[in-house]
Amino acid sequence: MIKNNEILNNLQKVKKEIKNACALAKVSENSINLVAVSKTIETIYICEAARLGQTSFGENKVQEAMLKWPEIKTRFPKTVLHMIGPLQSNKVKDAIKIFDVIETVDREKIVLELKKNINKVKNFPDLYVQVNIGEEKQKHGCAPSEAKNFITNCKDYGLNIKGVMAIPPNGENPVPYFALLANIAKESNINNISMGMSKDFEKAIYLGATSVRIGTKIFGERTDEKFK
């Protein structure tokens, strides 16, 4: 398990790598939002990262976020929590209470639940559409060919889609997939593109990412330990 003093070094290293990637892409490093993926990570380590100035974090499960984040948000109210895992329709009511950004809007059933609950919280989360960029059966997200229409439909339902998100197929060159997501965003007049993780975020930044989701390089390899 990672130690608190390693988090500072890891964050500094990641931010330097982001800076270098931005220089190659000729974009400002301030235009890249680093989302520290904190799924399965204990509260003590998340708080240490927040204390060191990390603002955005990502969680996969609503249940885990509900257990961990009320305390963290009380201590660090400037933190911004992203939902980056699949969202079940029966978890929407809880998700909109704890998350600031939901990156995994991917089907009409979720859209209808979000619309139904849009006035039930003071600060409704920003919404991203998840695209199944490799059209993999085991992954969530709308098909690339349907993404533009789906985004339009979301807007017709009254949901303001602020971004798109995708995960390229594991083991394949991510470049064509990143380029495809960037093109979908451009065609839909969307500025926020969430793509790129620990192994490929430099390529994602070069191809237009505005948000990268990095966990292992910050918090170390995942363990099966229960979070506290």
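Of note:
- Taking the stretch 86-109 and a reference point 7 angstrom along Cα→Cβ of Asn123, the backbone N atoms nearer than 11 Å belong to 98-101.
- For the stretch 1-135, the convex hull spanned by the alpha carbon atoms encloses 135 Å³ per residue.
- In the elastic network of the chain, a GNM with C-alpha springs shorter than 10 Å, the most mobile of Gln130, Gln138, Gln54 is Gln138.
- Among residues other than Ile84 with Cβ under 9 Å from its Cβ, the summed charge is 0 (Lys and Arg +1, Asp and Glu -1).
- Sequence-distant contacts, meaning Cα pairs under 8 Å at least 6 residues apart, place the relative contact order of the stretch 4-219 at 21 percent.
- Extension gain, Lys162 to Lys73: 0.36 nm times the residue separation minus the Cα-Cα distance gives 29.8 nm.
- The chain, helix-only ellipticity at 222 nm - DSSP H runs n ≥ 4, -39,500 (n - 2.57), divided by all residues, nearest 500: -13000 deg cm²/dmol
- GNM result for the chain, Cα springs below 10 Å: residue of Ala25, Ala182, Ala209 fluctuating most strongly: Ala25
Read the figures in this text as sums done on the coordinates, not as results from a lab. Small disclaimer: the values here were computed from a predicted structure and weren't measured. Note that we place each Cβ from the backbone using ideal geometry, even for glycine, and neighbour counts take in every protein chain shown.
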